[in-house]
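Presented below is the structure to which this report refers.
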Amino acid sequence: NSKVAGTFNYDSLTLGNYLVSKNVKILDVSTIDDNEPALFKTVLPQRIDGVKLTSSNILYYELNEKNAITKLIIKDVTGDYYNYGIVTKVDKNSEAMFGYYEFIINGNQLAYQTQNSIFGVNKGVARIKRDGNNISSMQNISMIKDKITDITNTFISTSKTNYLLAENVEVYYRNSEYDYMLIDINDLVNSDEYSIQGAYYDKTQTSGGRVRIIVITKKSK
């Protein structure tokens with residue numbers, strides 16, 4: 001029941017009605033469920049600029065003598081500790097509770113088999129919760145539906161808004177055989193030979209989301 005809540009503003013160093021120390025330390029954790037592996041990552045304050053934090057997002061905070069926040073532990077806000085990739089094959093049996101999945105992460109082809117559980121994921125771009133060699137969940141993420149008008153190294157523009165890119169956004173070139181090859185984002189930004197087939201984000205920016213995966217093809221001549 002944290003009293004701290006509201007929109008984090010990096011310029012004014014405020015969180016709702018609270019001041020934030022310029023040296024604030026922020027930790028983002030994926031879960032506090034004992035039955036789930038917890039992933040975590042330290043977060044720079046500018047990463048959550050403009051993000052609306054509810055009391056359920058805030059697990060812990062410390063104040064200094066000026067009532068400014070010096071330490072903050074938040075839950076499942078940035079999602080930067082997850083893997084994001086492309087699921088290329090799904091073979092699952094709900095009755096037998098068996099699942100087999102092939103996917104690409106960081107350009108690498110991988111496979112994973114489950115027993116006594118299945119993931120609610122379809123072929124396509126997905127968020128993958130991975131702890132070492134173990135995977136506890138896979139779920140598809142959303143594609144930007146509006147027409148993309150521009151792209152830079154930091155954001156994608158549509159006719160309606162801009163979408164910030166994750167620092168480690170992955171760009172995949174897809175050929176006619178639906179093979180995927182990881183390329184540098186500069187090869188997309190600095191070239192006019194590619195067409196963006198899909199840009200995928202995990203959640204809205206005000207909730208901490210970013211564009212995680214971009215799929216491109218070559219423009220037809």
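Some values worked out for this structure:
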{"quantity": "Selection within the stretch 186-215 - over 17 Å from the mean Cα position of the chain (by Cα) and either outside any strand (DSSP E or B) or among the acidic types (Asp, Glu) (or both)", "calculated": "Asn186, Asp187, Leu188, Val189, Asn190, Ser191, Asp192, Glu193"}
{"quantity": "Residues being of a type in the set (A, V, I, L, M, F, W, C), over 22 Å from the mean Cα position of the chain (by Cα) and farther than 18 Å from Thr54 by Cα - total across the stretch 6-39", "calculated": "1"}
{"quantity": "The lone exception for Thr31 - which of (1) under 16 Å from Asn57 (Cα atoms); (2) among the hydroxyl-bearing types (Ser, Thr, Tyr); (3) open to solvent by 30 Å² or more (accessible area, probe 1.4 Å) it fails", "calculated": "(3)"}
{"quantity": "Among residues of the stretch 179-219, those that are without any contact (Cβ under 8 Å) to a residue 12 or more places away in the chain and open to solvent by 70 Å² or more (accessible area, probe 1.4 Å), counted", "calculated": "3"}
{"quantity": "Within the stretch 129-150, considering residues that are in contact (Cβ under 8 Å) with a residue 60 or more places away in the chain and of a type outside the set (S, T, N, Q), the one farthest from Leu110 (Cα to Cα)", "calculated": "Ile144"}
{"quantity": "Exclusive hit being in contact with a Lys or Arg (Cβ under 7 Å, 6 or more places away or on another chain) and open to solvent by 50 Å² or more (accessible area, probe 1.4 Å), set Thr42, Thr7, Thr54", "calculated": "Thr7"}
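The values are calculated or read from the model by the stated rules, or taken from the named source; none is laboratory data. Since the model is a prediction, treat every value here as computed from it, not as a measurement. With ideal geometry, Cβ positions are generated from the backbone for all residues, glycine too; neighbour counts draw on all protein chains shown. Accessible surface is based on the protein model in full, side chains and every heavy atom, while ligands, DNA and RNA are left aside. Shrake-Rupley method; radii C 1.70, N 1.55, O 1.52, S 1.80 Å.
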